[in-house]
Amino acid sequence: RRRIGVLTSGGDAPGMNGAVRAVVRMAIHCDCEAYAIFEGYEGLVNGGNMIRQLHWEDVRGWLSRGGTLIGSARSMAFRERVGRMKAAKNMVLKGIDALVVCGGDGSLTGADVFRAEWPSLLADLIDAGELSPEQVEPYKVLNIVGLVGSIDNDMSGTDATIGCYSSLTRICDAVDDVFDTAFSHQRGFVIEVMGRHCGWLALMAAISTGADWMFLPEMPPQEGWEDEMCSVITKNRTERGKRRTIVIVAEGAQDRQLNKVPSSKIKDILTDRLGLDTRVTILGHTQRGGAACAYDRWLSTLQGVEAVRAVLEMSPSSPSPVITIRENKIMRTPLMEAVQATKDVTAKIEEKEFDEAMTMRDPEFKE
Ligand code: F6P
């Protein structure tokens, strides 16, 4: 019976529990055993009871639970080869030769490094006398399958990451709440949302809530943006009679934008130039917690099922896949292609090649 390990890594995202549940139940359905690795790669390095078998009923009710119930960590130990050697030894001792990793691009890169090093890690363990050749023999090949779990929706090659629509829903609910108080006092609000280098959450939130203005890492403000923003807001308030003003700012826009615009600067402009009583609201980690929305429950379930299928269908030479969704179809994409494309886009944004970055994300961007 094959033993498939599953772990969640990096920032938690709503839907990760749905993914673990689906992997566990699909593994059992396919006559395999499922093992949860607790606290991300940290659990793999430490072994012992941080790697535990999960049964069908252990994951009951997980679809509606927020965060990740098997824990997540940004493991420093796994970044070192000694840590990965310990992880390889623990996997062999537990009889696990396939891993489904649910996380962002950093976590998935770590998984692929582990897979590429696997034969040499085993050889070193034999040389060091930690494992015998007989113990290692059945575990010559390590299968890795990625699931993209992140609220940021920043992975190339997939239309949605597990968690992004739940986070967007929470942001919209929060902005609606702010609307009420902004309306009452005729105030302005600058609302900062997460997303790391990616403006997807901010863009979608601005469209979904009818915000007055937004700042995205991919769209630097041009010369004279202050005048333009003020004139749009003035028009909205005077000609259109809006009682409240909402500006959405992506956290990445503040670090990386050409003209770096911190929320406090936007607030000062609204206050000083328009005389608007303005507040800054940072939504913070409320965007990451809470139950998964229906879309993320559905996505994580279908992708978890597909991840187990991919494990069972992989040949020793096939590259690790990541499970994606494109035009509403669940697909497999070479993991390192998706990770590299994501890194290339981020690099372009850092180099301020914004149009190129957008065209890389969507070849039809200019049209
Ligand atoms: O990647 C998810 C994310 O929530 C980003 O949007 C944000 O930049 C980052 O993680 C925050 O990380 P931490 O929880 O470590 O502060």
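We did not get these values from a lab; they are worked out from the coordinates using the rules stated. Here the structure is a predicted model, which means the values were calculated and not measured. Heads up, the Cβs are rebuilt from the backbone with ideal geometry, glycines too, and the neighbour counts pull from every protein chain shown.
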Label region 121-181 by shape, choosing from rounded, prolate and oblate, from the square roots a ≥ b ≥ c of the eigenvalues of the Cα gyration tensor; if a/c is under 1.5 it is rounded, and otherwise prolate applies when a/b is larger than b/c, oblate when it is not.
-> prolate
Any lysines with Cα under 29 Å of the Lys343 Cα? List them, leaving off those in the same chain fewer than 8 positions away.
-> Lys86, Lys260, Lys329, Lys352, Lys366
In whole Hz, what ³J(HN,Hα) sequence does region 146-158 give by Karplus (6.51, -1.76, 1.60; θ = phi - 60°), x for Gly and Pro?
-> x, 10, 8, x, 5, 6, 6, 6, 10, 8, 5, x, 9
Non-local amide H neighbours of Gly199 (under 5 Å, H modeled in plane, Pro and chain starts lacking H): which ones?
-> Glu218
Report the Stokes-Einstein translational diffusion coefficient (µm² s⁻¹, integer) for region 220-367, Rh taken as the Kirkwood radius over Cα pairs, at 25 °C with viscosity 0.890 mPa s.
-> 125
The long-range amide H neighbours of Thr278, using H built 1.01 Å from N in the peptide plane and a cut-off of under 5 Å, are Gly188
Any idea what the dipole of the chain comes to, in debye rounded to 20, about its Cα centre with Lys/Arg Cβ at +1 and Asp/Glu Cβ at -1?
-> 920
Put one equal scatterer on each alpha carbon of region 10-69, apply the Debye formula with no solvent term, and list log10 I(q)/I(0) at q = 0.17, 0.18, 0.20, 0.24 1/Å to two decimals.
-> -0.57, -0.63, -0.77, -1.04
What is the diffusion coefficient of region 63-194 in µm²/s, taking the Kirkwood radius over Cα pairs and the Stokes-Einstein relation at 4 °C with a viscosity of 1.567 mPa s?
-> 72
Whole-Hz Karplus couplings 3J(HN,Hα) for region 351-356, θ = phi - 60° and coefficients 6.51, -1.76, 1.60, Gly and Pro as x, run 7, 6, 8, 5, 4, 4
Distance between region 116-145 and region 201-230 - C-alpha centres, whole angstrom = 52
Stokes-Einstein D for region 270-312 (10 °C, 1.306 mPa s, Kirkwood Rh from Cα pairs), in µm²/s, comes to 111
Would you mind working out the magnitude of the charge dipole of region 1-96 relative to its Cα centre, with +1 at each Lys and Arg C-beta and -1 at each Asp and Glu C-beta, to the nearest 20 Debye?
-> 280
Hey, if you put +1 on the Cβ of every Lys and Arg and -1 on every Asp and Glu Cβ in the chain, which of Ser300, Ile349, Asn17 ends up farthest toward the positive end of that dipole?
-> Asn17
If you project the alpha carbons of region 148-245 onto their three principal axes, what span does each projection cover, largest first, in Å?
-> 44, 33, 17
Computed [θ] at 222 nm, deg cm²/dmol, the chain (DSSP H ≥ 4; -39,500 (n - 2.57); rounded to nearest 500) = -14500 deg cm²/dmol
Spatial extent of the chain: Rg and Dmax, with the Cα atoms as the point set, Å | 23.0, 80
